[in-house]
Amino acid sequence: MNHQSVAFKNTQFPFPPHLHYSTPIPSRVLFPFSLHPNKTITKSPYSAFSCRGFHTPLLNHPSCSFHSSNATKPAAVKTVDVATLGNLCVDIVLNVPKLPPPSPDSRKAFMEQLSSSPPDKQYWEAGGNCNMAIAAARLGLKCVAIGHVGNEIYGKFLEDLLQAEGIGMVGMSEETDVLNAPSSSYETLLCWVLVDPLQKHGFCSRADFSKEPAFSWMNTLSEEVKRAIKRSRILFCNGYDFDELSPHMIISAVEYAVEVGTSVFFDPGPRGKSLLSGTAEEQKALKHFLRTSDVLLLTSDEAESLTGLVDPILAGQELLRKGNCTKWVVVKMGPKGSILITKSGITCASAFKVKIMDTVGCGDSFVAAIAYGFIHNIPLVTTLAFANAVGAATAMGSGAGRNVATLKQVVELMETPDLNEDDKFWNELLREHLDSQEVTFLSKMVLNGSNGRMKHVTLQKVVSELLPKLKSSQLEGTLSS
């Protein structure tokens with residue numbers, strides 16, 4: 001990742017005058033592929049692992065019980081694999097002598113110094129939900145980014161970048177002009193990613209200094225947004241959506257997804273903890289997500305924050321119990337690996353052993369692979385192994401956005417795989433759960449004398465099944481490399 005050394009200038013207004021626009025930005029719909037519902041879709045010979053031009057009906061993901069009346073409605077034709085909601089931002093990655101001070105006023109002044117003039121374009125990168133969309137598109141999933149970007153240089157940068165990655169875009173906007181909204185409210189959200197000499201990271205954006213979401217003027221879902229959600233198999237949301245969109249808007253999108261049979265993925269991220277103690281509307285929206293999401297994705301720390309349970313498996317089971325729709329709870333365990341918890345069992349996979357260069361974007365890459373396995377009904381242990389591999393391949397690079405792993409890099413990693421096994425850690429974690437549920441565990445080799453409820457699946461078996469299909473897809477050109 002390239003970084004820029006910063007020489008501070010006198011504080012000016014947050015953005016240069018030529019970046020301001022005084023009127024609302026019209027909705028924009030950009031697709032590098034067709035969303036036409038009547039288009040004939042041809043199933044490829046490798047359809048189990050290849051997604052471009054391949055439609056998978058959502059047979060295994062019924063609507064939530066409290067929306068059971070929708071079961072009689074005709075299923076929507078799903079021509080898009082993943083739609084991301086909101087959180088479209090440009091990361092500006094800069095070297096700084098020291099990270100911003102902790103006080104809000106000091107941090108805001110620091111950010112205004114940085115943003116007094118646009119930094120060179122070489123330091124711009126796609127951020128937020130763009131990371132997940134790019135990672136998913138590179139695995140062959142058809143993706144649409146739903147969100148708002150401004151009609152300025154940063155918005156154009158994101159539009160061009162997403163289009164180059166084969167990702168469609170549906171702009172969010174109001175049908176009518178919004179009165180009394182400052183022009184900055186329509187600008188693309190910037191996130192300043194600051195790196196000090198010790199390689200520690202700090203983050204600043206204008207959303208950090210406002211009690212209202214960045215796009216609080218947005219109140220309704222447009223018909224374009226509804227069509228995009230309806231045509232998608234998965235709607236992916238994360239906790240940072242609350243920095244841009246009102247809780248009402250987010251709940252509206254999730255409720256509409258449930259209504260039209262689109263599975264909801266939710267990754268609360270670090271914002272989950274603050275949402276728990278946030279406004280009444282934020283708390284309500286968080287509970288709605290935990291109740292209606294088909295798949296929850298979170299770190300062990302985030303799972304503990306939401307449940308009060310230190311054991312990640314118990315925390316996952318608690319989230320499953322409270323979720324009306326929840327089918328999977330996926331807990332990211334960092335360098336240890338990951339756990340996938342369902343009502344019928346527990347699946348664990350150790351992380352891949354790689355030389356880590358940068359962990360930014362690893363979680364987004366991991367989520368993209370989980371979405372891949374969910375859509376194509378891949379065995380759970382294979383899905384976890386694949387997700388770990390995609391996350392590890394990104395960690396071997398530098399940064400997110402266009403720097404997330406390509407399929408070629410994932411294939412290269414899986415050709416010579418090695419697991420970062422920690423038997424003591426996993427034995428202690430799983431010991432109390434072997435008597436209650438079946439546990440499936442990814443291992444380097446089959447272990448003798450394992451408990452009867454512990455099912456070992458070898459890494460060699462997973463790789464031998466997955467790798468040929470990925471290579472075939474790569475050679476066919478159906479996946480981006």
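Bear in mind these aren't lab numbers, they're just calculated from the coordinates by the rules spelled out. From a predicted model like this one, the values you see are computed outputs, not experimental measurements. Cβ atoms come from the backbone with ideal geometry, glycine included; neighbour counts cover every protein chain shown.
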Worksheet item: Along the charge dipole of the range 82-270, Cβ charges K/R +1 and D/E -1, which of Met249, Met111, Leu235 sits furthest on the positive end?
Response: Leu235
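In debye to the nearest 20, how big a dipole does the range 82-270 give about its Cα centre with +1 on each Lys and Arg Cβ and -1 on each Asp and Glu Cβ?
The dipole of the range 82-270 has a size of about 500 debye.
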Worksheet, complete the sentence: Within the under-13-Å Cβ sphere about Arg431, not counting Arg431, Lys/Arg +1 and Asp/Glu -1 give a net charge of -3
Worksheet item: Of the listed peptides 394-401, 381-388, 115-122, what is their order by residue-averaged count of other C-beta atoms within 10 Å, with the highest listed first?
Response: 381-388, 394-401, 115-122
Worksheet item: Each label point is 7 Å from the Cα along the Cα-to-Cβ direction; what then is the distance between the points at Arg291 and Gln113, in nm?
Response: 4.7 nm
Worksheet item: HN-Hα J couplings of the range 422-434 from phi, Karplus 6.51/-1.76/1.60, θ = phi - 60°, integer Hz, Gly and Pro as x?
Response: 9, 4, 4, 4, 5, 4, 5, 5, 8, 3, 7, 10, 5
